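The values are calculated or read from the model by the stated rules, or taken from the named source; none is laboratory data. The structure presented is a predicted model; accordingly, all values stated were derived computationally and were not measured. Neighbour counts are summed over all protein chains in view; Cβ atoms, including those assigned to glycine, are modelled from backbone coordinates with ideal geometry.
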């Protein structure tokens, strides 16, 4: 639920920010495909075979499972499945957003822009409702965890936008990045002057205080995972905790150096791989049935992993001998 509404919000922000940076804002929502194609690349939505326009594909397509409209629908369906565990206000907000979008006229001149504005406004309201109505139980922790994983992923993708643009257009991408992450005011306060290719990604990747930076999101993910498992901050009891702690340590202690050595695009790619793995490990640990009691410490966890590897090695040897 929280990942879908966060995804819809970030896509709406990106589409709106990109539109605002285009010279011809009056026709931006129906502009040429090459103007919008980098957004497909950076969000991994590319579908060359689709007959729909790029903006339609990203915002309202029924065929694109990650379109804004489909993300809102999935968030609403997930909320309906757990209505007994969330507040009434959370359900009403998502249900109202879904109905409001459904009642829009697709032939209207501002159809896509209206959807983006509705989603961004509703996402802000939804977070406020969660903050003030949802008890601080594991339900709240998992909701926040999904939100921060999705936000870290989308911020990293937004930072990668200049890689998919021609060199002549990459300068304006830094403004798009800051606008999409509501980071323009923070950038001015922290750095002042013109937006440049060093300070903008530094803020969005490595800031310890800006709530949409990758570093901030991973730090919150780490705290929430330890809260859920009850393990100490300097310990880990499952692969999700280990992978999140390892990613946070990399960002904290070698982020700048790795960007310099790898390049921004490669560094962002590596972060996205790590975030995908963390999401997978959370699903394996908490949402798939297991009959084994969870390990109580990192030592027990490592021992169990070594035993599992030894068992798999033995099975492979037996198969080779047959």
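Quick one: is residue 282 more than 28 Å from residue 158 (Cα to Cα), within 24 Å of the chain's Cα centre (by Cα), in a helix (DSSP H, G or I) and modelled with pLDDT of 65 or more? The answer is no for residue 282.
Residue-wise test of (1) surrounded by 16 or more Cβ atoms within 10 Å (Cβ to Cβ); (2) at pLDDT below 95; (3) in contact with a strand residue (DSSP E or B) (Cβ under 7 Å, 6 or more places away or on another chain); (4) within 23 Å of residue 20 (Cβ to Cβ).
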residue	(1), (2), (3), (4)
54	yes, yes, no, yes
61	yes, yes, no, yes
75	yes, no, no, no
95	no, no, no, no
109	no, yes, no, yes
113	yes, yes, no, yes
116	yes, no, no, yes
122	yes, no, no, yes
129	yes, no, no, no
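For residue 84, the test of being more than 22 Å from the chain's Cα centre (by Cα) and part of a helix (DSSP H, G or I) is failed. Sub-7 Å Cβ pairs linking a first residue in region 241-264 that is under 20 Å from residue 207 (Cβ atoms) to a second residue that is in a loop (DSSP other than H, G, I, E, B), at least 6 apart or interchain, are 245/236, ordered by first then second residue.
Scanning region 99-120 for residues that are farther than 15 Å from residue 2 by Cα and within 22 Å of the chain's Cα centre (by Cα) returns 112, 113, 115, 116, 117, 118.
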